[in-house]
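Let me begin by presenting the structure, written as structure tokens, before commenting on it.
The values are calculated or read from the model by the stated rules, or taken from the named source; none is laboratory data. Keep in mind that what you see is a predicted model, and the values were worked out from it rather than measured. Cβ placement follows ideal geometry from the backbone for every residue including glycine, while neighbour counts extend to all protein chains displayed.
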Amino acid sequence: MINLSTSKKSNQSFADDSFGSEISSELQHVLQHIVDDAVERMGCVGAFVATLEADNSLPLRAYNIKIPPSLVKQFEAKVGVMLTSPKAVTHLDKKKFKDNLSVRAIKGKKDVPETYLVSDQLYDLFRPLTSKMFSQTIQHMTGIKQVISLPFLLKGEVVGNLFAASTQQFSERDIAFLLAFCDQAAIAIQSQRYLEETQALERVTLALQSSITDETQILQTVVDTVVFRLGYMGAMVATLESNNSLPVRAYQFSIASNLIKQWENLVGLSLIGPRAVTFLDDERYKDNLSVRAVRGKDGKPEEFVTSSNLYDLFRPIVNRPLCDMLQKMTGIKQVIAVPFFIEDEVVGNLFISSRRERFTNRETHLLTALAQQAAVGLRNARLYLKAEERRQIAQTFARMAFTAS
């Protein structure tokens with residue numbers, strides 16, 4: 001028997017350009033230390049840690065298992081997935097994972113996560129990736145008696161999951177130790193998220209400074225950041241025009257572009273075009289999420305407005321059945337409209353769609369700050385445009401005066 005644990009090299013297989021898929025070396029170290037302690041100090045046969053991402057996936061981040069390497073290879077060959085590969089992922093929203101122990105623990109009852117869940121069947125930990133018969137064979141060969149799944153909770157929000165297997169039933173003392181590990185992991189994950197969010201805002205600020213003359217590029221930078229750096233399913237931004245219209249100026253989605261085109265063709269609407277507009281003064285749009293956010297209450301705009309229906313974002317431009325179909329296809333659970341301001345005057349709206357059940361306070365604060373970056377970018381671009389117009393006018397008069405003389 002030997003211990004097998006992830007290394008820095010294996011962790012690199014998770015890296016790509018999207019927010020949340022690559023974790024810092026500091027967080028990797030903490031998570032690896034947790035699974036090592038579970039195996040080496042508590043005597044678990046194996047321990048695994050996954051983080052909950054914005055798309056409701058649970059990619060495996062660290063593991064330590066005390067079984068023969070040949071058995072590990074046999075397991076990986078059977079399921080067709082290496083434990084350190086990006087395919088070692090569980091999904092909360094995919095029906096085939098609904099009976100998985102981790103998914104059940106995180107979803108809990110009535111969307112309230114369980115403190116922990118135990119099972120006497122190893123199959124419950126890995127279903128549906130392995131067959132029940134194969135899991136029972138592995139369980140018999142390793143002597144595993146019980147498995148456990150413990151969500152990482154941070155102010156009521158699930159941020160990850162620890163699951164472990166033991167040759168004995170987990171005692172109350174064992175569970176208390178594992179819960180302490182979960183608290184440690186949750187704090188480490190929170191620290192990384194705060195760092196990444198701060199870095200995302202810094203990147204937006206720098207990008208906006210480099211594209212000060214181009215409104216379209218400024219707005220595209222904002223939606224790209226929301227999707228590619230913060231991990232949301234989609235984002236759009238609209239600007240408030242002098243006729244009280246809100247045309248969509250930029251968008252980005254984490255779904256295939258051909259799916260977006262199919263949807264546009266189906267509804268007969270381009271996301272950027274003459275029909276992708278809402279109007280504050282037209283009663284037909286009074287229930288539109290964007291209009292509600294800008295109008296607010298008693299003439300004061302809302303800080304943000306959320307909805308669990310994608311239709312609220314597109315009504316009345318797109319009918320409800322088509323919006324419901326798109327929402328089901330993409331797994332969107334929540335949408336939010338965040339107005340942004342220049343000197344207390346609304347100049348636009350940022351819309352974000354999420355696969356999570358709700359937007360947390362941390363998220364709404366971040367998205368509000370990001371929306372204001374869009375406002376600052378627009379203001380700078382417009383100031384630059386006015387200055388350029390004045391310069392051109394001054395040059396014209398100078399040439400006229402020179403010609404007259």
Among the numbered criteria (1) farther than 19 Å from Leu52 by Cβ; (2) surrounded by 16 or more Cβ atoms within 10 Å (Cβ to Cβ), which one does Cys182 miss?
(1)
Let me confirm something: among Lys261, Lys328, Lys300, which residue is among the basic types (Lys, Arg), modelled with pLDDT under 90 and within 24 Å of Arg379 (Cα to Cα)?
Lys300
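With respect to Val277, is the statement that it is touching a strand residue (DSSP E or B) at 6+ places or on another chain (Cβ under 6 Å), modelled with pLDDT of 90 or more and either of a type in the set (S, T, N, Q) or closer than 15 Å to Ala238 by Cβ (or both) true? Full working, then the answer.
Details: touching a strand residue (DSSP E or B) at 6+ places or on another chain (Cβ under 6 Å): yes; modelled with pLDDT of 90 or more: yes; either of a type in the set (S, T, N, Q) or closer than 15 Å to Ala238 by Cβ (or both): yes.
The answer is yes for Val277.
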Among residues of the range 142-165 being farther than 16 Å from Gln184 by Cβ and small (Gly, Ala, Ser), the residue surrounded by the most Cβ atoms within 10 Å (Cβ to Cβ) is Ala165
On the given criteria, is Ser354 in contact with a helix residue (DSSP H, G or I) (Cβ under 6 Å, 6 or more places away or on another chain) and either modelled with pLDDT of 80 or more or closer than 18 Å to Ala238 by Cβ (or both)?
no
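Where residues in the range 114-141 are touching a residue at least 60 places away in the same chain (Cβ under 8 Å) and under 17 Å from Ala77 (Cβ atoms), which of them is surrounded by the most Cβ atoms within 10 Å (Cβ to Cβ)?
Of the residues in the range 114-141, the ones touching a residue at least 60 places away in the same chain (Cβ under 8 Å) are 115-116, 138, 141.
Keeping just the survivors that are under 17 Å from Ala77 (Cβ atoms) gives 138, 141.
Working: Ile138: 20, Met141: 12.
Residue satisfying both the conditions and the ranking: Ile138.
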